[in-house]
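Structure first, commentary second.
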Amino acid sequence: MEIFKEIEPIRAFLKTKKEQKKSVGLVPTMGALHDGHLSLIRASKAQNDLTVCSIYINPTQFNNPTDLAKYPKTVEKDIAMLQQGGCDVLFLPDNSTMYKKEGGLKLDFGVLDKVLEGEFRPGHFSGVALVVSKFFNIIQPDRAYFGQKDFQQFKVINRLVEELKFNIELPFIPTMREADGLAMSSRNLRLNPEERVKALIFFKSLQLGKEELLKGTSLSVVKNKVKSLFETTSGVRLEYFEIANAENLTVLENVGSSVNCIMLIAGFVGEIRLIDNMFVKDVK
Ligand code: PAF
């Protein structure tokens, strides 16, 4: 695997590959890699001649300095995983490579970046979209891979690609889960064994929500059930549990039969913030 830390050398390397008509897949990450990331690498390898992974903890998408400071850093292990996973190129820039000036650009996605995560993490999606745009310009991939676990991020990036006319496909890659259902996430590394068990409440809430909605239970009753599940479990805190139109992320008050719905949940186990989501099929 080739490793680049600077922009010009990776551009020159990829230019040669593109002249040889090689297609390029990009998997942007913030490191602390897990099987979820490897599933993105696998998808990219299946669809492209060359797979580029980036590891960069992007400061502009963190609205909480403690969260940024405590974000897991496991670069040596990540490099070994990428090598084993067959990644071809790693882009590993530092802050001065990615951001030359203080006070960067801000991107606004209207309602899409104000609801759900956007409400609790103001500015988060602007930071994500900014850094992803930089990666798109540097790597110029044919396809880029983002997991379902960050569903709102996937929607924001789709909008970004549409609005800025990036010629990049965004295949949809379903969430990878641990055997007990916990969605794979770099933040899981911060959970102690007791918190790891408690973190299952997110998956359980989504399962409960799906089951109840499919039975025809009203949205408000479902939300109350999830709320009380959190209230009766120590050491966890619900930030939101919402059901949204999966096309445009409009938060729904009623679930109609024609709408493709997705449940989205966020909250804390101790001081660690986790998110998850699940589609609701055939809701009456
Ligand atoms: O999903 C992530 O890990 C990050 O938000 C991303 C897309 C790498 C941008 O920093």
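A short reminder: the numbers here are calculations on the coordinates, not readings from a lab. Remember, predicted model here, so these are calculated numbers, not experimental data. Don't worry about glycine lacking a Cβ; one is built from the backbone with ideal geometry, like all the others, and counts go over all protein chains shown.
Within the stretch 206-216, can one find any residue that is at positive phi, in contact (Cβ under 8 Å) with a residue 40 or more places away in the chain and among the small types (G, A, S)? Yes, the stretch 206-216 has at least one match.
Just to check your reading of the model, which residue among L33, L68, L40 is touching a residue at least 40 places away in the same chain (Cβ under 8 Å) and out of contact with any strand residue (DSSP E or B) (no Cβ under 7 Å at 6 or more places or on another chain)? When all the criteria are applied, what remains is L33.
Is it fair to say K70 is of a type in the set (K, R) and within 16 Å of the ligand (Cβ to nearest atom)? Against the criterion (of a type in the set (K, R) and within 16 Å of the ligand (Cβ to nearest atom)), K70 qualifies. Taking the conditions (1) aliphatic (A, V, I, L, M); (2) surrounded by 14 or more Cβ atoms within 10 Å (Cβ to Cβ); (3) closer than 23 Å to N137 by Cα in turn, L33 satisfies each one other than (3).
Please pick out the residue among L105, L90 that is farther than 17 Å from R187 by Cβ and buried (at least 16 other Cβ atoms within 10 Å of the Cβ). None of the others qualify; the one that does is L90. Filter the stretch 119-151 down to the residues that are in a loop (DSSP other than H, G, I, E, B) and within 10 Å of the ligand (Cβ to nearest atom) and list them by number. Of everything in the stretch 119-151, just one residue is in a loop (DSSP other than H, G, I, E, B) and within 10 Å of the ligand (Cβ to nearest atom), namely Y145. Taking each residue of the stretch 130-157 that is in contact (Cβ under 8 Å) with a residue 12 or more places away in the chain and acidic (D, E) and looking for partners that are more than 10 Å from the ligand (Cβ to nearest atom) and in a helix (DSSP H, G or I) with beta-carbon atoms closer than 9 Å, six or more apart or interchain, yields D142/Q47; D150/E117.
Yes or no: the stretch 74-81 includes at least one residue that is assigned to a loop (DSSP other than H, G, I, E, B), within 14 Å of the ligand (Cβ to nearest atom) and surrounded by fewer than 15 Cβ atoms within 10 Å (Cβ to Cβ). No; the residues of the stretch 74-81 include none that is assigned to a loop (DSSP other than H, G, I, E, B), within 14 Å of the ligand (Cβ to nearest atom) and surrounded by fewer than 15 Cβ atoms within 10 Å (Cβ to Cβ). If only residues of the stretch 16-66 that are part of a helix (DSSP H, G or I) and closer than 21 Å to K106 by Cα are counted, the one that is nearest to the chain's Cα centre (by Cα) is Q61. Which of the residues spanning the stretch 175-201 are closer than 19 Å to S39 by Cβ, in contact (Cβ under 8 Å) with a residue 60 or more places away in the chain and not β-branched (V, I, T)? Hits for the stretch 175-201 are M176, A183, M184, S185, S186, R187, N188, L189.
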